Amino acid sequence: MSPPGKPAYLSKSLYTRGLQCHKSLYLDRHRPELRGEPTPELEALWKSGREVGDFAHMLFPGGVVVPFDGLTKDEQLAKTREEIDRGTKAIYEATFSFDDVFVKADIIVRNRGYWDLYEVKSSTSVKEHYWDDVAVQYYVLSGCGLPINKAYLVHINNGYVRDGDIVPEELFVLQDISRIVKEKQASIPEELAEMRAMLRGKMPKIDIGPHCEDPYPCDFMEHCWQHVPEHSVFSLRGRGIDQWELYRQGVIKLQDVPLDSLNLMQRMQAEYFLDRKSHADPAKIREFLKKVWYPVCFLDFETFGSGIPLFDGTRPYQQVPFQYSLHRIDAEGEELRHFEYLAQPGVDPRKEIAEKLPGEIPEGACVLVYNMAFEKRVLRELGEFLPKLRKRLTAVIEGLIDLMEPFKRRDIYHWRMNGSYSLKSVLPVLVPEMTYEGLEIRDGAMASEAYFTMESIADPAELSRLRKALLEYCKQDTLGLVRLLEKMRAMEA
């Protein structure tokens, strides 16, 4: 805690955290041990942000970076001042402090006696909460006496398709937000004063609300939400009742939700939970199973998406397949066979996948997947990239059947699915022995991160262990589909 009379030190990220929630800022400064662990998705997002930031430097080549690692804050400030005095045209991660607010600007560029400020985001569009991020930088830089001309947001152009070396001017979109940023300047001193006054006092009494996840999921949610039980008003899936309105009325537990206020699907979820019920509609299951024929295949892809397209012919964040698992039964009563593929890291895997997969799926086969839109898009994009294989890949698409359908419609439903029809919710309930708990890799985000990690591993034993973990995870997904189909066949009787 700052001594009396001394302003609390803040930064760009702390300021935007405080705008989202004063309690979150208080916990960050005074109770950081209550912070939750970052998810694999969040860590991947941070990594992507750093990569995108580095590529954005190419918009203004020849600049100088002020490193964060290895230098103290004072050394970063001194290095920035030194480069400004030297006449350096572009500075990356330029560091400033004013009014006890510390910021690192992604890029500043000298422009006819003034400076232009560029904030780089790895998203594909401009979001309103980015404006405050840039506004506080503008406040600090101007306070340090740096004359700012324009302020820009730099974001990814999702229509860009890589062809050879990355062309930064085509990969990025620059949006001038100078007017908005200047309009926000007047309110910043007051916002800072309120945050500092709050930090000098006791923890603010702020209840949970939509702000917990807007604009960013707060890393103190686990602490602030501990009074909310596992099965609560927030467990209700889909659109319908205003959950926050019920919460404000004191309704927290799922069993306390007034059933007549819910739509059909949410009411079913609540009633089944209360009565610990499950059901399976034999007629509808039978109708679905009539669509399944032999040979029957069970297919699952793992993909990665990168803000910077890694291969020619790919767009930012395009889901590029690097792995698949395929189980196959050629005729009723025949043995289950398994096929799999995992690409070598660092090389474009699409041609190899597109050539190998159709050879393992018999012509005219039924191909069961879970969430068909995803697999269909992967196969369609493979065909667009490789026109000679398009016909064969299109034939695979025509054989797709979505095993998610009966669960989405709730032809089969169990109260422990909690209103969800995701495979991770359905499989452990209907096939308890098919658990992901003991696996090193348990979801798609962990899989794509593991695949990227493989490229930097030199130890053959470690590389082999990671490959095995990836193959085991993907195989579990398709074997899960096999077992689900078996369960459904037992239910249609």
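The values are calculated or read from the model by the stated rules, or taken from the named source; none is laboratory data. Bear in mind that the values here come from a model prediction, so they are computed numbers and not experimental data. As a convention, Cβ positions derive from the backbone with ideal geometry for all residues, glycine included, and neighbour counts pool all protein chains shown.
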Quiz prompt | Flag if Arg81 is assigned by TED's automatic domain parsing to the domain that holds Leu14, outside any strand (DSSP E or B), surrounded by fewer than 22 Cβ atoms within 10 Å (Cβ to Cβ) and over 25 Å from the mean Cα position of the chain (by Cα) | solution = yes
Quiz item: Does Val426 satisfy the condition of being β-branched (Val, Ile, Thr), over 30 Å from Leu274 (Cα atoms) and surrounded by 16 or more Cβ atoms within 10 Å (Cβ to Cβ)?
Solution: no
Quiz item: Of the residues Leu470, Leu481, Leu439, which is closer than 14 Å to Ser325 by Cβ, surrounded by fewer than 16 Cβ atoms within 10 Å (Cβ to Cβ) and touching an Asp or Glu at 6+ places or on another chain (Cβ under 8 Å)?
Solution: Leu439
Quiz item: Pick from segment 445-479 the residues that are hydrophobic (A, V, I, L, M, F, W, C), assigned to a helix (DSSP H, G or I) and more than 23 Å from the chain's Cα centre (by Cα): which of them is nearest to Gly346 (Cα to Cα)?
Solution: Leu463
Quiz item: Since Ile241 meets every condition but one in (1) under 28 Å from Asp443 (Cβ atoms); (2) surrounded by 13 or more Cβ atoms within 10 Å (Cβ to Cβ); (3) under 30 Å from the mean Cα position of the chain (by Cα), which condition does it not meet?
Solution: (1)
Exercise. Quick one: Val136 ticks every box in (1) touching a Lys or Arg at 6+ places or on another chain (Cβ under 6 Å); (2) surrounded by fewer than 19 Cβ atoms within 10 Å (Cβ to Cβ); (3) among the β-branched types (Val, Ile, Thr) except a single one, so which number is it?
Key: (2)
Quiz item: From the residues in segment 155-173 that are aliphatic (A, V, I, L, M) and either without any contact (Cβ under 8 Å) to a residue 60 or more places away in the chain or touching a Lys or Arg at 6+ places or on another chain (Cβ under 7 Å) (or both), which one is surrounded by the most Cβ atoms within 10 Å (Cβ to Cβ)?
Solution: Val173
Practice problem: Pick out, from segment 316-401, the strands (runs of 3 or more DSSP E) lying fully within it that include 2 or more residues that are in contact (Cβ under 8 Å) with a residue 40 or more places away in the chain and in contact with a Gly (Cβ under 9 Å, 6 or more places away or on another chain). | Solution: 366-369
Quiz item: If you check Glu51, Glu41, Glu75, Glu33, which single one turns out to be within 29 Å of the chain's Cα centre (by Cα), more than 29 Å from Gly305 (Cα to Cα), outside the structural domain of Leu310 (by TED's automatic domain parsing) and surrounded by fewer than 18 Cβ atoms within 10 Å (Cβ to Cβ)?
Solution: Glu33
Quiz item: Taking the stated definitions as given, is Tyr152 modelled with pLDDT of 95 or more, farther than 21 Å from Leu10 by Cα and buried (at least 16 other Cβ atoms within 10 Å of the Cβ)?
Solution: yes
Quiz prompt | Close pairs (8 angstrom Cβ cut-off, 6 or more residues apart or separate chains): over 12 Å from Glu194 (Cβ atoms) in segment 1-19, at pLDDT below 65 anywhere | solution = Tyr9/Ser2
Quiz item: Which residues, counting only those in segment 1-18, are buried (at least 17 other Cβ atoms within 10 Å of the Cβ) and at pLDDT 95 or above?
Solution: Leu10, Ser11, Lys12, Leu14, Tyr15, Thr16, Arg17, Gly18
Practice problem: Say whether the condition of being more than 18 Å from Arg17 (Cβ to Cβ), surrounded by 16 or more Cβ atoms within 10 Å (Cβ to Cβ) and touching a Pro at 6+ places or on another chain (Cβ under 6 Å) is met by at least one residue in segment 179-191. | Solution: no
Practice problem: Give the residues of segment 86-105 that are within 19 Å of Pro61 (Cα to Cα) and hydrophobic (A, V, I, L, M, F, W, C), sorted by residue number. | Solution: Ala90, Ile91, Ala94, Ala105
Quiz prompt | Pair list, Cβ under 6 Å, 6 or more apart: segment 109-122 residue free of Cβ contacts under 8 Å to residues at least 24 places away in the same chain, other residue outside any strand (DSSP E or B) | solution = Arg110/Lys89
